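Working notes, structure below.
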Amino acid sequence: MKILFTIIRRVFRIASFIIFYMGELILANIRVAVDILTPKLHLTPSILAIEMDVKSDIEVLALNNLITMTPGTLSMDISEDRKTIYVHHMYVDDPEACKQEIKEGFEKRILEISIYEDLI
C-alpha cells in the first residue's frame with residue numbers, strides 16, 4: 001500500500017511540475033517577445049550565482065537544462081564543488097528575488113520529484 005501511495009504522489013508531483021514549467025515557459029516567451037517587439041528594450045541583464053540544493057548528477061542536469069530552455073535565462077557554468085550554478089538572466093530587477101524565484105520554482109520542484117527522495 002505504501003508503494004502505491006508513493007507512486008501516486010510521484011505522478012501527481014510530476015504532473016504538477018509539468019504544468020508549472022509550461023506556465024513559466026509561456027510567461028518567459030511572452031516577456032521576451034514583448035521586449036523584442038517594443039521600440040525600447042527593457043533589458044536589465046545580470047549574472048547570478050545561485051547556491052544549489054540539488055546534489056545528484058541528474059538533478060543538477062535537470063536544473064541546468066530547465067534554466068537554459070527557458071527564454072531569457074541561460075545556465076553558464078557550475079562551480080567545481082557543484083554547489084553553485086551561474087545563470088545569465090536578461091531581466092533582473094532584484095538579484096535576490098531572481099535567485100529565490102529559481103530556487104523556489106525549478107529547484108524545489110526538481111527535489112520534490114527526485115527519485116532519490118525515497119532512498120534517504
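Rule-based calculations on the coordinates, nothing more; no lab input. These figures come from a predicted structure and were not determined experimentally. Virtual Cβ from ideal backbone geometry, glycine too; neighbours counted across all protein chains shown.
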Next on the checklist: Contact order normalised by length for the chain, with contacts defined as Cα pairs under 8 Å and 6 or more residues apart; what percent is it?
Outcome noted: 29 percent
Checklist entry - Most exposed first by the Cβ proxy, i.e. fewest other Cβ within 10 Å, how do 63, 111, 27, 37 rank? => result 37, 27, 111, 63
Item to check | Lysine pair count for region 2-120 [Cα-Cα under 18 Å; pairs on different chains or 8 or more apart] | outcome: 8
Checklist outcome for this item: per DSSP, antiparallel bridges as share of beta bridges in region 13-120, % nearest 5, sits at 90 percent
Item to check | Extreme residue, positive dipole direction of region 1-102, given options 68, 5, 29 (C-beta unit charges) | outcome: 5
Item to check | Three-way shape call for the chain based on the alpha-carbon gyration tensor, with the a/c threshold at 1.5 | outcome: oblate
Item to check | the chain: calculated mean residue ellipticity at 222 nm from DSSP helix runs of at least 4, using -39500 (n - 2.57) | outcome: -17500 deg cm²/dmol
